[in-house]
1. Say we join alpha carbon atoms closer than 10 Å with springs in a Gaussian network model of the chain; which of S83, S261, S128 then has the biggest fluctuation?
2. Where does the charge balance sit around H423 when Lys and Arg score +1, Asp and Glu -1, over other residues with C-beta under 15 Å from its C-beta?
3. Just how many % of Cα pairs in segment 207-374 lie over 26 Å apart, if you round to the nearest whole percent?
4. Excluding I315 itself, calculate the net charge of residues whose Cβ lies under 10 Å from the Cβ of I315, where each Lys or Arg counts +1 and each Asp or Glu counts -1.
5. With runs of 4+ DSSP H residues as the only contributors, calculate the mean residue ellipticity of the chain at 222 nm using -39,500 (n - 2.57) per run, divided by the residue total and rounded to the nearest 500.
6. Using alpha carbons only, how many angstrom separate the centre of segment 157-207 from the centre of segment 1-24?
7. When the Karplus curve 6.51 cos²θ - 1.76 cosθ + 1.60 is applied with θ = phi - 60°, which whole-Hz ³J(HN,Hα) does each residue of segment 196-203 get, with x for Gly and Pro?
8. Assign unit charges at the C-beta atoms only (+1 for Lys and Arg, -1 for Asp and Glu), then state the dipole size of the chain relative to its Cα centre in Debye, rounded to the nearest 20.
Amino acid sequence: MSYIETTMKKLQRSSPGQPEFYQATEEILQSLRPLIDKHPQYLQQNIIERMVEPERQIMFRVVWHDDEGKVHVNKGYRVQFSSTLGPYKGGIRFHPSVNASTIKFLGFEQIFKNALTGLSLGGGKGGSDFDPKNRSEQEIMRFCQAFMTELHRHIGATVDVPAGDIGVGKREIGYMFGQYKRLNGNFEGVLTGKGLNWGGSLVRSEATGYGLVYFTENMLQAHDDSLDGKRCLVSGAGNVAIHTIEKLYQLGALPVSCSDSTGTLYHEKGIDLILVRELKEQRRSSLIDYLESHSDAKFTPIDQYPKDGHAVWRIKADAAFPCATQNELTLADAKALSENGINCIVEGANMPCTADAQAHIIATGMHYGPAKAANAGGVATSQLEMAQNASMIQWSFTEVDKRLQEIMKDIYQRCSETAIEFHQPCNLAFGANIAGFRKVADAMLEQGLV
């Protein structure tokens, strides 16, 4: 049994019942074989075993009451995985699906994503199984305050700087920041994704979607191609999907789909982004209401999805951008995409492809941008927000966007060069895993047993 297999079995014993965490861990560890063969010091110093165990795992109950006075109890998490390269950095997710496995897989991925940015950021993640849907503003505020009351003692501007994620936007960040300030008496950059009037950064809300498209354009340009004129499939209808669609339009592409928890929207003429924004950000309604304004569009309810996958990936197009959630793109979906002419898949969500789907995509030779590289624009701009907070200044939209473009170009080049170094050119997933791991591992060796 190999060292990696032994490590995985040990991890499954110490962290039982966490399939998403195992999936993310094994995907990275399997990539490391050639690196370990070349640099045995990583084995000698047990770097892998040290890295797969979080430095700290915090679990707590969150007690709050609704508008009728009924008391509710939710579970809260913050997993501080690695502070080797800087303060823990990673989002907070509010969604019923949140559990220890979800948070740990996200936190583990965050280590390498943050390392690839070239910025001084460690890796962490947090969240709760609280569902903000159909909750009033006051209920959301009370929950956020209760969550921060438990979390505040574990975070700080140079310790752990959370951001938003699914279910946590500027509103939730605002309520949590206010509670942190009240409890600690400090106005500091302890959260990113803040409002522009009180320490936020321009481009932060756009950054993950924009960065995703910048990464894609760099990847295609390296193969004498571009996004101009390409029909694009996008899943999701949240912040990442919306800004991916926006930037695709700006670069001459035609996004024709998006999706939410109720189903998939397909509009052959191109998605009406203004209307989607109104539906999701103002009216907070289902995408099916899009048909009231565009009768030529098609909506597929979730109960009519293929049994082996997702309706959005069965549409003919040129490029695909999964931006919804983990494991949303199955092996059957990946095969359908290749049969329908897709030659470019770039991940906006975290681990949106199942393990066998990812293997199929890489084997077919499609242009593939893995999440830990392609969707790093959000955390990169969070660090730019931290830098602005530390200097008590605010950069212009143009300045932040320029830095974001440079960071995404550097990430692509780092992944590509590492893949070439280890004789797997074009396999950016392999390059991303090796490049991210090596940066963190080398720093761990230099810092000793900490």
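Just so you know, all these numbers are worked out from the coordinates, no wet-lab data involved. This is a predicted model, so every value here is computed, not measured. Because the Cβ atoms are built from the backbone with ideal geometry, glycine has one as well, and the counts that use them run over all protein chains shown.
1. S261
2. -1
3. The calculated P(r) of segment 207-374 puts 19 percent of pairs beyond 26 Å.
4. The answer is +3.
5. After summing the helix terms and dividing by residue count, I get -14000 deg cm²/dmol.
6. Using only Cα atoms to place each centre, the spacing works out to 34 Å.
7. Rounded to whole hertz, the list is 5, 6, 9, x, x, 10, 4, 6.
8. With only Lys, Arg, Asp and Glu charged at Cβ, the dipole is about 980 debye.
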